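Notes follow once the structure below has been shown.
All of the numbers you see were taken from the coordinates with simple rules; none came from a lab. Computed from a predicted model, the values in this text were never measured in an experiment. A quick note on method: Cβ atoms are made from the backbone with ideal geometry, for glycine too, and the neighbour counts reach across all protein chains shown.
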Amino acid sequence: MQQYKIKYLLKEDVSSLIDTQICVKGWVRTKRGNKNVAFIALNDGSIIHNIQIVADPAKFEEELKRITTGACICVEGKLVESQGSGQTVEVQAESIVIYGEADPNTYPLQKKGHSMEFLREIGHLRPRTNTFGAVMRMRHEMAYAIHTFFHQKGFYYFHTPLITASDCEGAGEMFQVTTMDLNNIPRKEDGSVDYEQDFFGKQTALTVSGQLEGELGATALGAIYTFGPTFRAENSNTPRHLAEFWMVEPEMAFYQLDDLTALEEEFIKFLVRWALDNCKDDLEFLNNMIDKGLIERLKSVIDTDFVRLPYTEGIKILEEAVAKGHKFEFPVSWGVDLASEHERFLVEEHFKKPVIMIDYPKEIKAFYMKQNDDGKTVQGTDVLFPQIGEIIGGSVREENYDKLMTRINELNIPMKDMWWYLDTRRYGSCPHAGFGLGFERLMLFVTGMANIRDVIPFPRTPKTAEF
Ligand code: 4AD
Ligand code: MG
């Protein structure tokens, strides 16, 4: 018998299927009824909505006893127009096979609403809830939108390695990769670790960014993007940091600062519009249950021009706010790395729209950023978003070999393993630029979820690597 996804039955024109025999399979959300009739709400993950199964208690007495919230069943029966309100069609069960029961005494996902904290403890089951179903379907849609955007613009998906010997951001927040026996580490005569005996013959780690290899791609293919997992061993326990997150990193030859910020803005607007156009049911659910302002906020972002704000002007605005009595936890003055409270003040209170901050002090940004003529600032860009803070970090790259080397020496960056990166500046160097969008930060924005642990299936954070 033909099996259908519930999404198909609820969303497509199924008039030709009415009164025919069909099959649906899924997990029971609820069961209710009386001695004359039983109603089962069945969900198969294809859509937030459930299909209603109508069963005769006399015929299915044994099955109905075993069908409880969470059970997995296969139903065959007649598709009919629904008599009740709230659904268009329902299935009159003629056969029910129980694939797997879910003991109501131990199955943790009962009908009542659970806290996000509790759901994190049962991360193996939470994809079965409405909220996480919605978030995970949207995660898929956003990933698809990212590939669509770049493909349409002629960018190539360039796969950068996850194991690397270089620290792109220079922050030393890398997870080491080794096959050495930690109880018997090979050492050199001076007592230091002998990495030559390690798997790769050198010290390696999980990547913090695919950018450096991305630059190799861009200076050959013109425009590329990478989209993959990224790892940071920073001990940040915040609602916006993960130790393992996904990053989208486009890199473009011949882009100047204005081209870069224009692409950042176009990209985010494309993604937000995609969410509004393609994730209607899930967004409505999240708007009702999680964040009442969500859909309005998404619409406002695609209708507004993002502000371009030089860092120096941003600091002035913040200092004026302090002078007028606004209290920040952390002090502001030219040269500081902005805290998220500062970023959010600029975005949510001052401009009330997304801000692309540019021209940062070189001391607080990575070595590869293009230096401005003032000798103090670099062409870095951070896109700052309401609720989220920094959603994108990017820059024009320093393409001048001598300037780049000077900066590398100032920062004492070990260049032994980075000769290949410098070669891009030695042979056919060109102006180029790129950025990184934190995929989970985007997901926070488009779902209205409050904690980054709840927009990735299995979050990795300090002291947590369950599931
Ligand atoms: O600003 P970041 O560190 O920039 C880079 O890594 C550049 N190499 C990107 C590039 O130019 N190709 O990180 C980029 C973005 C941030 O704006 C943020 O959205 C996200 O990655 N991000 C994190 N997301 C979740 N958890 C963390 N610990 C994150 N760290 C950065
Ligand atoms: Mg950054």
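Values as computed for the structure displayed
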read-out: Helices (runs of 4 or more DSSP H) within the range 330-447 that include 1 or more residues away from ligand 2 (no atom under 16 Å from the Cβ) and more than 30 Å from residue 285 (Cα to Cα); value: 401-410, 419-426
read-out: Checking residue 220 against (1) in contact (Cβ under 8 Å) with a residue 24 or more places away in the chain; (2) farther than 9 Å from residue 251 by Cβ; (3) among the small types (Gly, Ala, Ser); (4) outside any strand (DSSP E or B), the condition it does not meet; value: (1)
read-out: Answer from 440, 466 - the residue that is more than 10 Å from ligand 1 (Cβ to nearest atom) and acidic (Asp, Glu); value: 466
read-out: Residue list for the range 257-312, restricted to those being part of a helix (DSSP H, G or I), among the charged types (D, E, K, R) and without any contact (Cβ under 8 Å) to a residue 12 or more places away in the chain; value: 258, 266, 277, 280, 284, 296
read-out: Residue that is surrounded by the most Cβ atoms within 10 Å (Cβ to Cβ), among those in the range 84-135 that are closer than 20 Å to residue 239 by Cβ and aromatic (Phe, Trp, Tyr); value: 132
read-out: Matching option when the condition is within 16 Å of ligand 2 (Cβ to nearest atom), touching a residue at least 60 places away in the same chain (Cβ under 8 Å) and among the small types (Gly, Ala, Ser), among 171, 143, 165; value: 171
read-out: The range 214-242: number of residues that are away from ligand 2 (no atom under 16 Å from the Cβ) and under 19 Å from residue 391 (Cβ atoms); value: 6
read-out: Criterion (within 11 Å of ligand 1 (Cβ to nearest atom), touching a Phe, Trp or Tyr at 6+ places or on another chain (Cβ under 8 Å), among the aromatic types (Phe, Trp, Tyr) and touching a residue at least 40 places away in the same chain (Cβ under 8 Å)) met by exactly one of 445, 435; value: 445
read-out: Pairs with Cβ under 9 Å, 6+ apart, first in the range 87-112 and in contact (Cβ under 8 Å) with a residue 60 or more places away in the chain, second exposed (fewer than 13 other Cβ atoms within 10 Å of the Cβ); value: 88/81; 89/18; 89/81
